[in-house]
Structure formats: C-alpha cells, structure tokens
1. Lys/Arg Cβ at +1, Asp/Glu Cβ at -1, dipole of the chain taken about the Cα centre: which of ALA50, ALA40, LEU102 is farthest positive-ward?
2. What are the ³J(HN,Hα) values, in whole Hz, obtained from phi via the Karplus relation 6.51 cos²θ - 1.76 cosθ + 1.60 with θ = phi - 60°, for each residue of the range 83-98 in sequence order, with x given for Gly and Pro?
3. For PHE69, what residues show an amide H to amide H distance below 5 Å, using hydrogens built from the backbone and excluding near sequence neighbours?
4. Pop out the carbon and sulfur fraction of the accessible area of the range 19-127 as a percent, whole number, probe 1.4 Å.
5. Tell me which aspartates and glutamates have Cα within less than 18 Å of LYS11's Cα, excluding those fewer than 8 residues away on the same chain?
6. Whole number in Å², please: accessible area per residue of the chain, 1.4 Å probe, ligands, DNA and RNA not counted.
7. Please get the size of the charge dipole for the chain, origin at its Cα centre, with Cβ charges of +1 on Lys and Arg and -1 on Asp and Glu, quoted in debye to the nearest 20.
8. Name the chymotrypsin sites (Phe, Trp or Tyr not before Pro) in the range 33-109 that are in a loop by DSSP and that have at most 15 other C-beta atoms within 10 Å, would you?
Amino acid sequence: VCFIRDITERKKIETDLNSAIAIVETLAASDAAQRDDLRALYDTSKRVLADHPDYRYIGLIDADDRVLFVTALPYGGDPVALQQRELAHRVFRTGKANVSGLFQSPLNREHVVAVSVPLRPSRPSIL
C-alpha cells in the first residue's frame with residue numbers, strides 16, 4: 001500500500017496508470033493480437049515503448065503461466081519465469097485490467113508496477 005499526501009501527485013499517478021491501461025488495451029485490440037501474430041505484436045509493443053520512455057517493457061503471458069515474450073529480451077529467446085503469478089491469475093479470472101503493487105523486476109532489478117489486461121477469451125493470455 002502506498003500512501004500519498006499530495007493530491008497533485010496522486011492525480012498524476014492515476015493519470016499515468018490509466019494511460020498505461022489504455023495503451024495496453026489498445027495493443028490487445030490490435031490486428032496483430034487478433035491474428036495471433038506474436039512477432040508482430042512484439043514489434044508493435046517495442047514501437048509503443050519507444051514513445052513512452054517511462055515504461056520498462058511489455059510482456060505476453062498465456063493461461064498456462066508461460067511468458068510468450070518480453071520486449072526487454074530478444075523475440076524467441078530463452079523463456080523467462082513468470083513473476084506476479086497471482087496478478088496474472090486475477091486478470092484471467094476477472095477478465096479485467098489490473099495493477100500490481102510495487103515489486104522488483106527480475107529483468108533489471110528496478111522497482112516496477114505491472115499493468116495487466118486480458119488479450120481476449122479465444123486465446124486466454126494477458127499483456
């Protein structure tokens with residue numbers, strides 16, 4: 001739990017999180033996502049990150065807890081372990097966007113917040 005005293009800072013955080021959710025929802029609705037073209041979705045995600053330097057990486061996780069890609073790593077490289085498994089399961093269970101608490105990224109040891117949205121029911125996965 002994070003307690004923020006300054007209302008201006010709280011509103012900025014809310015705005016940033018809502019923007020991140022909108023961006024990831026847009027990716028989830030993209031042609032690449034709808035066609036199950038994971039390489040194209042990876043490439044599109046990389047381009048989105050170039051326009052949003054505060055975002056660290058985007059990943060795709062399937063319902064079997066497999067990380068299908070992470071933009072911080074080369075496409076098709078060695079698989080990485082899923083972090084924040086309970087968050088992923090909550091998104092699959094509810095079908096709604098979710099925001100994690102602060103945690104340390106296993107990729108770069110930075111403290112991050114994960115914003116997760118369901119991709120679509122026919123291919124249970126989350127961005």
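The values are calculated or read from the model by the stated rules, or taken from the named source; none is laboratory data. In this text the structure is predicted, and so the values were computed from the model without any measurement. Here the Cβ positions follow ideal geometry from the backbone for every residue, glycine too, while neighbour counts run over all protein chains shown. Each accessible area value is taken on the protein alone, full model and side chains, heavy atoms only, with ligands, DNA and RNA left out. Shrake-Rupley method; radii C 1.70, N 1.55, O 1.52, S 1.80 Å.
1. LEU102
2. Running phi through 6.51 cos²θ - 1.76 cosθ + 1.60 with θ = phi - 60° gives 9, 6, 3, 5, 5, 4, 5, 5, 5, 4, 5, 8, x, 10, 4, 8 Hz.
3. Sorted by chain and number, the residues that satisfy this are LEU60.
4. Solvent-exposed carbon and sulfur of the range 19-127 make up 50 percent of the total.
5. Straight-line reach from LYS11, under 18 Å: ASP54.
6. 63
7. With Lys and Arg at +1 and Asp and Glu at -1, about 220 debye.
8. Those that pass, being in a loop and sparsely packed, are TYR75.
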